[in-house]
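Okay, structure first, notes after.
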Amino acid sequence: MAERESNILYRRLLRSYFSSVISISLVLFLVGMTGALIVNAKSVSNYFKENITVSAVLNVEADEADASAMADRLENTPYVKDIRIITKEEGVEEMKEILGDDFMDVFEVNPIPVSLELQIAADYISADSLSIIEEALYGYPAVDDVVYQQSLVELLNANIERIGIVAGVFVALLLFISVVLINNTVRLSVDSKRSSIRVMRLVGATKGFITRPFVGQAFFQGLIAGAAADIFILTALYFVRNEFYQLFSLFDAMLLGLVMALVIVLGILICMISTAAGVRSLINDER
């Protein structure tokens with residue numbers, strides 16, 4: 001009979017410990033995923049910015065040799081990340097996709113000029129910088145027109161700034177909620193052992209003697225929860241990689257590793273601090 005009751009008690013404690021670890025790991029998973037996005041925010045931002053291109057349309061007299069010479073000069077400028085020469089034939093094909101195959105029937109000669117498509121470095125994607133770049137491009141004699149989506153640039157920069165503010169507030173709020181939830185989970189787990197603490201207190205055990213084993217258990221609880229959270233993070237990133245490979249390729253492996261290490265450290269620290277505070281509170285209540 002005593003052995004049966006002992007087994008039931010053991011299973012209850014095991015379930016309680018397991019549920020606590022799962023609860024903590026889920027909270028740490030949210031913190032870790034948010035942290036992974038935050039530390040790679042600049043790379044993601046740069047990816048979207050560098051998809052905005054500036055087209056330098058040359059005059060009809062200019063040929064590919066003129067475009068190539070201009071491209072060679074532009075490659076040495078700090079604001080150009082990449083240049084693509086669009087020939088007259090490529091321009092015709094692009095226009096056919098927009099206007100149809102028969103749009104050239106009304107022209108005796110090819111009216112599509114050679115153009116340069118510039119991929120601008122992310123640091124120069126702003127209204128002021130693009131205005132300076134536009135002025136510099138017009139300084140080339142062969143350039144007839146400079147085209148880029150100014151409204152899209154302004155919208156992108158405004159949204160990135162808003163997202164940065166919202167993300168900062170969200171991370172701060174998530175960290176606060178995480179600490180509160182993990183603290184409550186750990187304290188509930190400690191409170192379930194009130195009777196054991198009362199017995200140790202009655203036989204004259206010191207605070208340190210009572211607290212040490214609980215803190216030791218909390219260390220492993222935080223370690224297991226953090227490791228489980230990292231497994232969840234890796235699983236989520238695996239699905240991100242399959243669905244959004246280009247976005248995943250922007251992530252820095254070293255930064256991701258640092259975030260995952262911090263998730264484990266955060267889980268251990270919160271569990272240990274909460275457990276120590278909870279045990280000492282129960283000891284003081286037994287006075």
Subtracting the Cα-Cα distance of residue 87 and residue 65 from 0.36 nm times their residue separation yields 6.9 nm
If you take the square roots of the eigenvalues of the alpha-carbon gyration tensor of segment 220-269 and sort them as a ≥ b ≥ c, do you get rounded (a/c under 1.5), prolate (a/b over b/c) or oblate? oblate
Residues whose placed amide H lies under 5 Å from that of residue 81, excluding near-sequence neighbours: 119, 120, 121
Note the full-extension length gain between residue 151 and residue 177 as 0.36 nm times their separation in residues minus their Cα-Cα distance, in nm to one decimal. 5.5 nm
Between residue 238 and residue 261, with labels modelled 7 Å along Cα→Cβ, what's the label distance in nm to one decimal, could you check? 2.4
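Where a number appears in this text, it was derived from the coordinates with a stated rule and is not lab data. Source: prediction; values computed, not measured. Cβ sites come from the backbone with ideal geometry, for glycine too, and all protein chains shown count toward neighbours.
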